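The values are calculated or read from the model by the stated rules, or taken from the named source; none is laboratory data. What you see is a predicted model, and the numbers here were worked out from it, not measured in a lab. Backbone-built Cβ (ideal geometry, glycine too); neighbour counts: all protein chains shown.
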Amino acid sequence: MSFEDYLITKKIDEHKFRQQEPGRFREWKIEFEQLHPESFTTRKKFLINEVRRKYLLP
């Protein structure tokens, strides 16, 4: 699973996230590529919810 596909499963708009927070996007992408998706979710659970609220997919 790619990071972009993962964001879709979490209902996060990749394009808005990448444009508004490029540093965080890059950091998360690198970390995601090194972890299992479930481990990444566990580590970022509350942050994912925050990002989802900002960049919810339509």
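Cβ-Cβ contacts under 7 Å between residues 6 or more apart (or on different chains), taken from a first residue in the stretch 26-49 that is closer than 18 Å to Lys16 by Cβ to a second residue that is assigned to a helix (DSSP H, G or I) and polar (S, T, N, Q), are listed as Ile48/Thr41.
Are any of the residues in the stretch 1-16 of a type in the set (A, V, I, L, M, F, W, C) and modelled with pLDDT under 95?
Checked against the condition, which is being of a type in the set (A, V, I, L, M, F, W, C) and modelled with pLDDT under 95, the stretch 1-16 yields at least one hit.
Which one is farthest from Lys54 (Cα to Cα), of the residues in the stretch 20-29 that are out of contact with any helix residue (DSSP H, G or I) (no Cβ under 9 Å at 6 or more places or on another chain) and not acidic (Asp, Glu)? Among those that are out of contact with any helix residue (DSSP H, G or I) (no Cβ under 9 Å at 6 or more places or on another chain) and not acidic (Asp, Glu), it is Gly23.
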